[in-house]
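**Q** Before I ask anything, let me first share the structure, which is written out below as structure tokens.
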Amino acid sequence: MPDQSQSNPAALQPKVEEFSIDGKLSGTLEDIKKTLEKLPLYLVNSTATELDIAKVESRSISRKPYLFHIIKIQPERLTVIYSLIPDTSVNLRRAEVLKETSAVLSLIAGRFDINQIKFVQYVDSVLESLISGLSQTYTALYNRYDSMLNDYRELKRLNVELSASNRNLTLQSAQLSDENKTMKEQLDALRKYSDESLMALIEEWITVHNNSIDVVAFANGHSLSPTRVEQILDRMVSMGYIEPKG
């Protein structure tokens, strides 16, 4: 399905709005022109009865003004003409133009006095439209922010608890490691038979096993190396405790 904006060039054209406020010229248009000509990005033109201050904010691909506003000052009226880009916030655009207009009016205060009551009423209507347009979106965003904040606080609390638990587990692990080391040392000590106790065990084994000994089986049964058992056997033979067969 083709894009309607591409098939309909008119849909891409900016719309134009304007508003007017009563005012009173106290100085001269020429004097005001000299002041406003110093503004960057503004083009100032004047006639005997009107002063135009124009600002082109963006241009189309054909270099024609696309986003722009023009402030017209006449002896008894101020008129602002501005463009609106399709598919953008109208209320936000009105507020932007109002801000630019207020900046210009502040520079010519005392030489052109605007009707303050009507100007404030217009400002109020623009802000009211802007706030009402944003209220629903803002509420949704705030609720989402509040929910995310609560989630963050809960995660932070859990992180503190997990950190404390991790420290406790680290301490317990260190304690278990020390206990395991102590038990291993005690077990190793129990496994270290003296020569005399080992000879007694061998004599008992030989008696039970029909005057014979399986060196490997005896060594495994007492967590000893076969070499150690053989050394004790050699000593027992030399001392006459046992006699080798064959």
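The values are calculated or read from the model by the stated rules, or taken from the named source; none is laboratory data. Quick caveat: nothing in here was measured; it's all calculated off a predicted structure. Every residue, glycine among them, receives a Cβ derived from its backbone with ideal geometry; neighbour counts consider all protein chains shown.
**Q** In the range 220-240, which residue that is more than 16 Å from Ile206 (Cβ to Cβ) and assigned to a loop (DSSP other than H, G, I, E, B) is farthest from the chain's Cα centre (by Cα)?
**A** The selected residue is Ser225.
**Q** I would also like to ask the following. Picking from Arg77, Arg111, which residue would you name as being at pLDDT 90 or above, more than 44 Å from the chain's Cα centre (by Cα) and over 15 Å from Glu18 (Cα atoms)?
**A** Numbers: Arg77 fails: over 15 Å from Glu18 (Cα atoms).
Of Arg77, Arg111, the one residue that is at pLDDT 90 or above, more than 44 Å from the chain's Cα centre (by Cα) and over 15 Å from Glu18 (Cα atoms) is Arg111.
**Q** Okay, moving on. Among the residues of the range 75-129, count how many are more than 30 Å from Ser60 (Cα to Cα) and either without any contact (Cβ under 8 Å) to a residue 12 or more places away in the chain or not assigned by TED's automatic domain parsing to the domain that holds Ser26 (or both).
**A** 9
**Q** Looking at Lys34, Lys72, Lys55, which is the one that is surrounded by fewer than 15 Cβ atoms within 10 Å (Cβ to Cβ) and either assigned by TED's automatic domain parsing to the domain that holds Phe19 or touching a strand residue (DSSP E or B) at 6+ places or on another chain (Cβ under 9 Å) (or both)?
**A** Only one candidate qualifies: Lys34.
**Q** May I pose another question? With respect to Ile206, determine if the residue is part of a loop (DSSP other than H, G, I, E, B) and either of a type in the set (Val, Ile, Thr) or surrounded by 10 or more Cβ atoms within 10 Å (Cβ to Cβ) (or both). Please lay out each step first, then the result.
**A** Numbers: part of a loop (DSSP other than H, G, I, E, B): no; either of a type in the set (Val, Ile, Thr) or surrounded by 10 or more Cβ atoms within 10 Å (Cβ to Cβ) (or both): yes.
So Ile206 fails the test.
**Q** How about the range 80-113: which of its residues are hydroxyl-bearing (Ser, Thr, Tyr) and in contact with a His (Cβ under 9 Å, 6 or more places away or on another chain)? If you could, list the steps in order and put the result at the bottom.
**A** To start, the set of residues in the range 80-113 that are hydroxyl-bearing (Ser, Thr, Tyr) comprises 82-83, 88-89, 101-102, 106.
Correct list: Tyr82, Ser83, Thr101.
**Q** Would you check if there is a residue in the range 134-148 being at pLDDT 80 or above and under 25 Å from the mean Cα position of the chain (by Cα)?
**A** Start the filter on the range 134-148 by keeping residues that are at pLDDT 80 or above, which leaves 148.
Still in the running and under 25 Å from the mean Cα position of the chain (by Cα): 148.
Yes - at least one qualifying residue is present in the range 134-148.
**Q** Oh, and also: I'd like the full set of residues that are polar (S, T, N, Q) and within 47 Å of the chain's Cα centre (by Cα), limited to the range 16-34. Outline the logic, then answer.
**A** Here is the first cut: in the range 16-34, the residues polar (S, T, N, Q) are 20, 26, 28.
Residue satisfying the conditions is Ser20 alone.
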